[in-house]
Amino acid sequence: MVDIKEIEEPLSEVKDLCSGIFWVISEDYDLNDYQFLMFDIPCDPSGTTNSNPTISINPKSGNSYNHKKLWDSEIKNNSKYRPYNKKENDYYTRGRVEISNNRATIFFNLQINKPMFISRIKQDFGLLPENISDIRITTDGSKHYECFLDRN
């Protein structure tokens, strides 16, 4: 089952390894006041999913989510996500966790390349030594991960 979280505090339990996508929802330029919105899919260290997600897996790779498609289908018209669902999917800073060949790679916008966000992503996606040992972080300054902070 897909786990959708808007959590203020990091998890205290060891979470299963997951791939997926996330947003850091904030209107503040310093990102200190934020909500973490994630859509994850439990998997093994090779990237094989361990469950049947309730939200359709929709990117080219076939084993995770596409930010735009998921935003449009699950968030945009859902009152649960007000008021930030009135923005487009690329307004807020965002990223992805990919897992394959016993390696986890975190891709995200340069704006969230901060220890507090990296720690949060690792904890919430189960990117812990007991689950996977090779974790790579890739900051992406391309238009693909551009957000409102990059447009000002």
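The values are calculated or read from the model by the stated rules, or taken from the named source; none is laboratory data. Nothing here was measured: the structure is a model prediction, and the numbers come from that model. Cβ: placed from backbone, ideal geometry, glycine included. Neighbour counts: every protein chain shown.
Is it true that Ser100 is over 13 Å from the mean Cα position of the chain (by Cα) and at pLDDT 85 or above? Yes. Candidates in region 75-131 are the residues that are touching a Leu at 6+ places or on another chain (Cβ under 6 Å) and assigned to a loop (DSSP other than H, G, I, E, B); of these, the one that is surrounded by the fewest Cβ atoms within 10 Å (Cβ to Cβ) is Asn131.
Among the residues of region 91-130, the ones that are more than 26 Å from Tyr29 (Cβ to Cβ), in contact with a strand residue (DSSP E or B) (Cβ under 8 Å, 6 or more places away or on another chain) and polar (S, T, N, Q) come to 2 in all.
Residue count for region 28-64, restricted to those that are among the polar types (S, T, N, Q) and modelled with pLDDT of 60 or more: 9.
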